[in-house]
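Trainee: Once you've had a glance at the structure underneath, I'll fire off some questions.
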Amino acid sequence: MGAPWEPILAHRLYEVVKYYTIVPLSAVYFSMPINKQRWNSLPKDVQDGMTGVSGLEGARFWGRNFFDRVEGAVDETVKKGGYTMTKYIVPPDEVERWRSECSLGGYMGISG
């Protein structure tokens with residue numbers, strides 16, 4: 001299963017997926033876009049408030065709340081529902097080998 005924990009819980013994927021491979025290589029895109037004209041029409045203090053909670057700190061917030069904390073909720077839901085979840089954590093040396101392979105030839109051996 002290649003998804004963060006939040007959609008696994010929200011879409012009840014644990015009901016149909018039994019095996020999970022845990023590997024720190026996924027990239028999940030999350031954004032809260034705004035039209036440039038609308039952005040420019042906002043007062044400076046509102047713009048500052050929005051940019052003050054985004055960027056690196058915003059990424060950390062969403063990472064903790066949409067991944068780190070939800071894994072426990074998934075585990076609890078799986079246990080309460082009597083589902084089976086088998087997790088496999090890819091060993092660090094194998095993850096590093098994958099990273100090396102990808103950096104040598106690009107994604108799937110295709111250089112950009």
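Trainee: What is the one condition in (1) in contact with a helix residue (DSSP H, G or I) (Cβ under 6 Å, 6 or more places away or on another chain); (2) over 27 Å from residue 91 (Cβ atoms) that residue 6 does not satisfy?
Mentor: Every condition holds for residue 6 apart from (2).
Trainee: Please determine, by comparing only the residues of the stretch 31-83 that are part of a loop (DSSP other than H, G, I, E, B) and either over 27 Å from residue 8 (Cβ atoms) or of a type in the set (Val, Ile, Thr) (or both), which one is nearest to the chain's Cα centre (by Cα).
Mentor: Initially, the stretch 31-83 is screened for residues part of a loop (DSSP other than H, G, I, E, B), giving 31-35, 42-43, 53-54, 82-83.
Those left that are additionally either over 27 Å from residue 8 (Cβ atoms) or of a type in the set (Val, Ile, Thr) (or both): 34-35, 42-43, 53.
Numbers: 34: 22, 35: 25, 42: 30, 43: 32, 53: 18 Å.
Here the answer is 53.
Trainee: With 18, 44, 36 as the choices, which residue is closer than 30 Å to residue 86 by Cβ and either at pLDDT 90 or above or surrounded by 11 or more Cβ atoms within 10 Å (Cβ to Cβ) (or both)?
Mentor: Only one candidate passes the filter, namely 18.
Trainee: Within the stretch 65-88, restricting attention to residues that are modelled with pLDDT of 90 or more and either at positive phi or of a type in the set (A, V, I, L, M, F, W, C) (or both), which residue is surrounded by the fewest Cβ atoms within 10 Å (Cβ to Cβ)?
Mentor: Checking each candidate, the answer is 82.
Trainee: Quick one: what pairs do we get from the stretch 72-85, first residue among the small types (Gly, Ala, Ser), second assigned to a helix (DSSP H, G or I), C-beta under 7 Å, 6+ apart or different chains?
Mentor: As it stands, the answer is 73/9, since those pairs meet every condition given.
The values are calculated or read from the model by the stated rules, or taken from the named source; none is laboratory data. Because the structure is predicted, anything quoted here is derived from the model rather than measured. Cβ sites come from the backbone with ideal geometry, for glycine too, and all protein chains shown count toward neighbours.
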